[in-house]
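The values are calculated or read from the model by the stated rules, or taken from the named source; none is laboratory data. Bear in mind the structure is a predicted one, so any value in this text is a computation, not a measurement. No Cβ is skipped: glycine too gets one built from the backbone with ideal geometry, and neighbour counts run over all protein chains shown. These area figures cover heavy atoms from the full protein model, side chains too; ligands, DNA and RNA do not enter into them. Shrake-Rupley method; radii C 1.70, N 1.55, O 1.52, S 1.80 Å.
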Amino acid sequence: MRIDLHVHTSASDGLLTPTELAGAVRAGGVEIFSVCDHDTVDGLAAATRAADAAGLTSVPGVEISAFWGAVEFHILGYFIDPTHAALRSFLGATREARHARLRAMLTRLHAMGIGVPPEDVLARAHNGNVGRPHLARTLVERGYVGSVDEAFDRYLGTNRPAYVPRPDVRVRDAIAVIRAAGGIASLAHPGLHQRDEAIPELTAAGLEAIEVYHPHHAVGVARRYRRVAQRHNLLVTGGSDFHGSGEGDHGGAVGVPCLPEADYERLRAAARARGAILPG
């Protein structure tokens, strides 16, 4: 069984609608997938309907950006209740912060002679959950840069001239709201930031899993984080981080890599033990 527990839709910064994504998942031979859009659950209902129509299983998920000190982590949540009031309130506040951040980045770009109307960027974020990739694609479309990667390298990446950090959502708060919504919290792609010293603190705060399989985790890195998972008694998650293209740190194909079925069954059993409503 092929399982991909990390894909994105146009509800955040993916290029495919939930329905289009379900088609890509099926074409890739994946049977179980989880939409983990950034700081939103707005694409989950459509993804579930599309999965049902295609004979697939969709695990409700989310990916929340948060900070451990000055380090930005992404926390994945699995088997969440997307209607949970505290989760929706938390994500609503995050959305407003994203709008304020966009305005600040556009102000910095304008000071460099790069004029981009906010409406052009927001039009790419179909539900208003706007992020740097939407701005990067607008810069490409308007001819200021040749690619999304160039937009980040020149302007939008950390410590670049138009970069504005997000408001300080704490990692422990992201973990807490995922757990409150019935979900299992997993640390996304730890090999990208390599701050393993944070893992004991995150585990004490309620982290229950770690993403071992990711397109930017080489075989040796995946083995290393499986050992980390065993050392801290964490569950294992993984997926392609597919956004519709292979730009930046994103995976270029659904199901590459996949999560081993045994790891998925352990994750599913943990969700069942806490009373989550399981798909499929």
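So here's what we get for this one:
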{"read-out": "Members of region 270-280 that are more than 12 Å from E208 (Cβ to Cβ) and either assigned to a helix (DSSP H, G or I) or touching a His at 6+ places or on another chain (Cβ under 7 Å) (or both)", "value": "R272"}
{"read-out": "Evaluation of A253 against (1) of a type in the set (G, A, S); (2) within 19 Å of the chain's Cα centre (by Cα); (3) modelled with pLDDT of 95 or more (one fails), failing number", "value": "(3)"}
{"read-out": "Qualifying residues in region 173-205 (those that are part of a loop (DSSP other than H, G, I, E, B) and farther than 23 Å from I80 by Cα) - the one least open to solvent (accessible area, probe 1.4 Å)", "value": "H193"}
{"read-out": "H193 touching an Asp or Glu at 6+ places or on another chain (Cβ under 8 Å) and either under 24 Å from E265 (Cα atoms) or modelled with pLDDT of 95 or more (or both)", "value": "no"}
{"read-out": "Residues located in region 1-17, provided they are at pLDDT below 95, aliphatic (A, V, I, L, M) and open to solvent by less than 30 Å² (accessible area, probe 1.4 Å)", "value": "A11"}
{"read-out": "Residue in region 107-160 that is nearest to D13 (Cα to Cα), counting only those that are touching a Pro at 6+ places or on another chain (Cβ under 7 Å) and either open to solvent by less than 20 Å² (accessible area, probe 1.4 Å) or assigned to a loop (DSSP other than H, G, I, E, B) (or both)", "value": "V148"}
{"read-out": "Residue that is nearest to L202 (Cα to Cα), among those in region 18-63 that are open to solvent by less than 10 Å² (accessible area, probe 1.4 Å) and touching an Asp or Glu at 6+ places or on another chain (Cβ under 6 Å)", "value": "C36"}
{"read-out": "Positions within region 206-228 being in a helix (DSSP H, G or I) and surrounded by fewer than 20 Cβ atoms within 10 Å (Cβ to Cβ), in sequence order", "value": "V219, G220, V221, A222, R223, R224, R226, R227, V228"}
{"read-out": "Any hit, region 126-133, residues being among the basic types (K, R) and under 25 Å from A276 (Cβ atoms)", "value": "no"}
